[in-house]
Amino acid sequence: MQRRIFLTLMAAAVTASAALGGASIAQAADQVKIGFLVKQPEEPWFQDEWKFAEIAAKEKGFTLVKIGAPSGEKVMSAIDNLAAQKAQGFIICTPDVKLGPGIVAKAKADNLKLMTVDDRLVDGSGKPIESVPHMGISAYNIGKQVGEGIAAEIKKRGWDMKDVGAIDVTYEQLPTAHDRTTGATDALVAAGFPKANIIAAPQAKTDTENAFNAANIALTKNPQYKHWVAYGLNDEAVLGAVRAAEGRGFKADNMVGIGIGGADSALNEFKKPEPTGFFGTVIISPKRHGEETSALMYTWITQGKEPPKLTLTSGMLATRDNVSQVREQMGLAAK
Ligand code: GLA
């Protein structure tokens, strides 16, 4: 009798441990790992994207691998590295959209699912690679919001448009940048702003320092204007122009810059005790670009459901007076 009970207990223990062993094997097979590569990890927009991607990772229970990839070589080695780590897919904002065919080929060779964010890959002839799911901003429309915001402020201040110069900080090799600044230019011109007063200021790289240098040239060459406005691809571009104008005595009273982004670069500017020439920003959604892209990739890996080929997100204009309300409306937590 004693012996029978002992044997039954033993059998139960063996079954239980086999079941547990099975579960842990299944769990290991289920481990989802997703890479999130960004071109400029030091830029607050990308840090916010990562922050929101982490939220998706916690909620869904996958591992997020954040990689800063500022060059083509970094991108290629990061993709191999992800494959070696047994990741199943990655999301990327590439340092150069022309790397498109190379990134697609590498992802395929490494058997990794690929989705792009912010900057859409192009093929050898400069056309978007439509087979890769992408989430970006509706660049031209958001640019228009910038231009309309600047035009409204010029009118509110009662400036004569012929006395106003516009610094258009451009970065033509990036299609989303081209579309954003074109939208802003078109809206300004539609509002009656003289086209001849718009000065293209090409920046060599998309950061504040390069925008500052580009804007300085525009200012030096055009001493005839009494007031200035500025726009560009993102908040960093406009901050560069604002700092350059400040250096020449054009402060908040004579400068209206409106950026795109709404991350810390803009928020810090609004927190300064006195207004600066950085008048506003069109806030876009790092939540959608970080959290939603990651969740879409997770669903693709776990359920085989591919993300939509193209998702374009919108933005809302905010100034220092209403930035908290606008952020709240966009589902971005208070900072
Ligand atoms: C580009 C810009 C970033 C940011 C994103 C938003 O990648 O370089 O600063 O504006 O677009 O999609």
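The values are calculated or read from the model by the stated rules, or taken from the named source; none is laboratory data. Just so it is clear, the structure is predicted and the values come from calculations on it, not from any experiment. As a convention, Cβ positions derive from the backbone with ideal geometry for all residues, glycine included, and neighbour counts pool all protein chains shown. Ligands, DNA and RNA are stripped out before the accessible areas are found, and what is left, the full protein with its side chains, is counted by its heavy atoms. Shrake-Rupley method; radii C 1.70, N 1.55, O 1.52, S 1.80 Å.
Residues that are among the hydroxyl-bearing types (S, T, Y), over 30 Å from V65 (Cα atoms) and surrounded by fewer than 18 Cβ atoms within 10 Å (Cβ to Cβ): does the range 306-321 have at least one? The answer is yes, given that some residue of the range 306-321 is among the hydroxyl-bearing types (S, T, Y), over 30 Å from V65 (Cα atoms) and surrounded by fewer than 18 Cβ atoms within 10 Å (Cβ to Cβ).
Conditions (1) within 16 Å of the ligand (Cβ to nearest atom); (2) part of a loop (DSSP other than H, G, I, E, B), marked per residue:
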site	(1), (2)
Y225	no, yes
W228	no, no
L239	yes, no
F250	no, yes
N268	yes, no
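Contact annotation: residue pairs with Cβ atoms under 7 Å, 6 or more positions apart or on different chains, pairing a residue in the range 290-314 that is free of Cβ contacts under 8 Å to residues at least 60 places away in the same chain with a partner that is open to solvent by less than 40 Å² (accessible area, probe 1.4 Å), are K305/T299. Of everything in the range 119-141, what is open to solvent by less than 20 Å² (accessible area, probe 1.4 Å) and more than 13 Å from the ligand (Cβ to nearest atom)? Give them in sequence order. Those that are open to solvent by less than 20 Å² (accessible area, probe 1.4 Å) and more than 13 Å from the ligand (Cβ to nearest atom): V122, V132, P133. The set of residues from the range 34-51 being away from the ligand (no atom under 11 Å from the Cβ) and either buried (at least 22 other Cβ atoms within 10 Å of the Cβ) or on the phi > 0 side of the Ramachandran plot (or both) comprises I34, G35, F36, L37. Return the only residue of E246, E292 being under 30 Å from D160 (Cβ atoms) and part of a helix (DSSP H, G or I). After applying the criteria, what remains is E246.
Taking the listed residues K156, K162, K113, K144, the one that is touching a residue at least 12 places away in the same chain (Cβ under 8 Å), within 30 Å of K195 (Cβ to Cβ), away from the ligand (no atom under 16 Å from the Cβ) and among the basic types (K, R) is K162, with no other qualifying.
When each of L312, L332 is tested for being under 30 Å from T63 (Cβ atoms) and modelled with pLDDT under 95, the lone residue that passes is L332.
For the range 175-205, which positions are within 16 Å of the ligand (Cβ to nearest atom) and either over 19 Å from the mean Cα position of the chain (by Cα) or surrounded by fewer than 21 Cβ atoms within 10 Å (Cβ to Cβ) (or both)? Within the range 175-205, P175, H178, D179, T182, P202, A204, K205 meet the criteria.
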